[in-house]
Structure formats: C-alpha cells, structure tokens
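Chemist: Here it is: the structure, laid out below.
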Amino acid sequence: MKIAFVFPGQGSQSVGMMAGYAGLAHIDETLAAADAALGAPLTAMMRDGPAEALNITTNTQPAMLAADVAVWNAWLAAGGPKPSLLAGHSLGEYAALVASGSLDFAAAMKLVKARSQAMQDAVPAGIGGMAAVLGIEPDMLAQVCEQASEGEVVSCCNLNAPGQIVIGGHKSAVERAMVLAKAAGAKRALLLPMSVPSHCELMRPAAEALAAALNKANFQPPKIAVLHNATVDVAGDAVAIRLVLAEQLFKPVRWIETIEKMAMQGVTHIIECGPGKVLAGMVKRIAPEIKCLSLADKASFDAALAELAA
C-alpha cells in the first residue's frame, strides 16, 4: 500500500462545510487558529454564510486552506497513516505544503490571503472569465483558444481530467472559444461563476505581487514530497518553492499529469483531504486502478481510517 493525499481548492467551499466533521479532534482548534492568523472571524462565515460572501475569492481561499488543514490535523490526531506523496489542486497546494512540514499554518493563512487579494486586484470585475469545456482533447482545445484569442488572452487553465478542461482569460475571448469548441466537437461549454481567471497570463501581475509576500515567508524543505501543479515535480528548497508558487498563478494546473505521475510512482490509494469529493471524481477518471477515498465528513473519515487500518 502506498498512500498519497490530495487537497481541494477553490470550488469545494460551501456554507456549513465543516459541520459534518463534528466530533473529530483538532477541527475546532485549527479553525480558531485560522481566525487568529487573519485577525478576522473567517470561520463564522464558513459556518453561517452568506454564500455570496464565502464565494468571494479573498474569503474562499483562506476558508478552504483552513478546512483542508483542519481535516489533515484530525487525521493525524486519529492515528491515520501518513502519505508518502502530497499534491493540492491550485490553492490546495498551500495545504499540501503545510502538511509536508514546509510551511507554518499561520504563515500559510497570511500568504493565501495575500494571494487571493493579488488575484482579485489583477483583473477588474467583469473583464475576466472562466469556462468548463467537456468532451474535447487538450491539444484541440489549445488550438481553439489560439483561434479565439484575437489579440486577447484565452488558454487552457485547469487540465482536470480526460474530457474536462477549464479555460480562462478575457471574458469575451472565453466566450468566443466556447462557441468554437462546440463547433470542434466539445459536448458542453459552460461559463463558470468566477470573475478571477486563474492560471492564465492575466494573472502574471498577481504573481509578481505575490512574489513579494513569498520572499518574506519561511519555507523549510518538505518532509513529505509535494508534486506542484505548474511542474508536476518536487521543489526541494525554499527558493524553488517560492518560484513555483508564483508561477502557479499564471501556469495551468496539470492535474491529469499529477495523478498519472502518482500512479507511475506506485501509489495505490489517494485520499482527498477536505470538504467535497471533486478531486476523487477526477482521480477515478484519470487512474481508475487507484483506490480513491474522500474525507468529506466524519462518516467518510471514519470509513477511510478503518479501510486503511485493515
């Protein structure tokens, strides 16, 4: 048995997302530490909403980091087996670095707040957009984006699973690409409710702003290997980690390759550590031979613990 943990990012949040973990050790303590790190009642918003506030990027990203790390701390407290490999989807990469021992939780909370603010500031509201495109190959969609650009930015941002790719850039270019993608054979193209177009060239100014915060943060060499989105490789020291986290903002999330690399390295079980089951669904489509478990609530947490202990 070889275990990897993956941490979800933006998109897995929902009001009340931590209620299902009631009774697990270290959940409340971690959420309280998140509030203390930010000096704001973030976890009250996670509990009570409103959804419109939680879904604002500058709230969503710290909330998901807090949730992911809370579940990780609960897993360790319960005596769950440690993984030999980690990865996080976009924002989830920060939770993976905390789990690896590379980054202090309080420092990670502050970095993610800075990251989300830099992203929000980089593109004015209404200018950017993202869309999910289903049933088309990455190479064909890349050609579609190039054709649709017309001097604007649109590109493949999240290579999530076979036939499931997210594109992003200028909203007008994204809309043109959606039309062309359907003409090229895509089954569906759906505009996503996100004003910040992550993982494309429009985020390069955000990466430059984030770099200043990253340079002040204290990173240690990871005790557990972390596969990074932008490179599908391990960054072993502080300089490399800072660089890859900045580049992550304007480079695509290579999730298909990440899971394929885990499979090539002999991973038999992947655990999604945090609210929701989005990543588990992707893993099943990328590498169906790998057993994938979710820690989406106390019931699934206890079931995973029992299965891996057997």
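The numbers here are math on the coordinates, done by the rules we state, and not lab data. Worth saying up front: this structure is predicted, and the values here are computed from it rather than measured. Positions of Cβ are backbone-derived with ideal geometry, glycine not excepted, and every protein chain shown enters the neighbour counts.
Chemist: So which lysines pass the test for K82, namely a Cα distance under 21 Å, with those fewer than 8 places away in the same chain ruled out?
Modeler: Result set, ordered by chain and number: K2, K223, K261, K277, K291, K298.
Chemist: Students often forget the sequence filter, so: which aspartates and glutamates lie under 13 Å Cα-Cα from K187 once same-chain residues fewer than 8 apart are removed?
Modeler: Straight-line reach from K187, under 13 Å: E137.
Chemist: Taking 41 Å as R0, compute the FRET efficiency from the Cβ-Cβ separation of D121 and L308 and round it to 0.05.
Modeler: 0.45
Chemist: Using label points projected 7 Å from each Cα along Cα→Cβ, tell me how many nm separate L76 and M140, to one decimal.
Modeler: 4.6 nm
Chemist: Continuing with this model, one more query. Assuming 1.306 mPa s and 10 °C, estimate D for the chain with Stokes-Einstein, Rh taken as the Kirkwood radius over Cα pairs, in µm²/s.
Modeler: 82 µm²/s
Chemist: May I ask you to work out the translational diffusion coefficient for the stretch 135-217 at 4 °C, viscosity 1.567 mPa s, via Stokes-Einstein with Rh from the Kirkwood sum over Cα pairs, reported in whole µm²/s?
Modeler: D, rounded to a whole number, is 97 µm²/s.
Chemist: Could I get the Rg over Rh figure for the stretch 204-285? Both from C-alpha atoms, Rh via Kirkwood, rounded to two places.
Modeler: Using only Cα positions, Rg/Rh for the stretch 204-285 is 1.00.
Chemist: Sorted by packing (mean other beta-carbon atoms within 10 Å per residue), highest first, where do 87-97, 165-175, 201-211 land?
Modeler: Packing order, densest peptide first, comes out as 87-97, 165-175, 201-211.
Chemist: Please sort through the DSSP H helices of the chain and keep those with an alpha-carbon extent of at least 24 Å along the long axis and a Kyte-Doolittle average not below 0.0.
Modeler: What comes out of the filter, once short or polar helices are dropped, is 57-77, 105-122.
Chemist: At 7 Å along Cα-to-Cβ for each site, give me the label-to-label distance between E175 and Q147 in nm.
Modeler: Modelled inter-label distance: 2.0 nm.
Chemist: So, in nm, how far is label K2 from label E289 when the simple model puts each one 7 Å beyond its Cα toward the Cβ?
Modeler: Using points 7 Å along Cα→Cβ, the separation is 1.2 nm.
Chemist: Hey, what number do you get for the chain at 222 nm if only DSSP H runs of n ≥ 4 count, each worth -39500 (n - 2.57), divided across all residues, to the nearest 500?
Modeler: My calculation for the chain gives -15000 deg cm²/dmol from helical runs alone.
Chemist: Beyond 21 Å, how much of the Cα-Cα pair distribution for the stretch 241-310 remains, as a whole percent?
Modeler: 38 percent
Chemist: Long-range amide H contacts for M194: which residues qualify at under 5 Å (H placed 1.01 Å from N, peptide plane, sequence gap of 5 or more or a different chain)?
Modeler: Close amide H contacts, sequence-distant or interchain: M130.
Chemist: Among 118-128, 251-261, 100-110, how do they line up from the highest to the lowest mean number of other beta-carbon atoms within 10 Å?
Modeler: Going from most to least packed, we get 251-261, 100-110, 118-128.
Chemist: Let me ask you something else. Which length gain, in nm to one decimal place, applies between N215 and A36 when the Cα-Cα distance is subtracted from 0.36 nm times their residue separation?
Modeler: Roughly 62.2 nm would be gained on extension.
Chemist: Please give the length that would be gained between L190 and A106 if that part of the chain were fully extended, namely 0.36 nm times their separation in residues minus their C-alpha to C-alpha distance (nm, one decimal).
Modeler: That pair, L190 and A106, stretches by 26.6 nm at full extension.
Chemist: Can you give me the convex hull volume of the Cα atoms of the stretch 1-120, divided per residue and expressed in Å³?
Modeler: Normalising the Cα hull of the stretch 1-120 by residue number yields 97 Å³.
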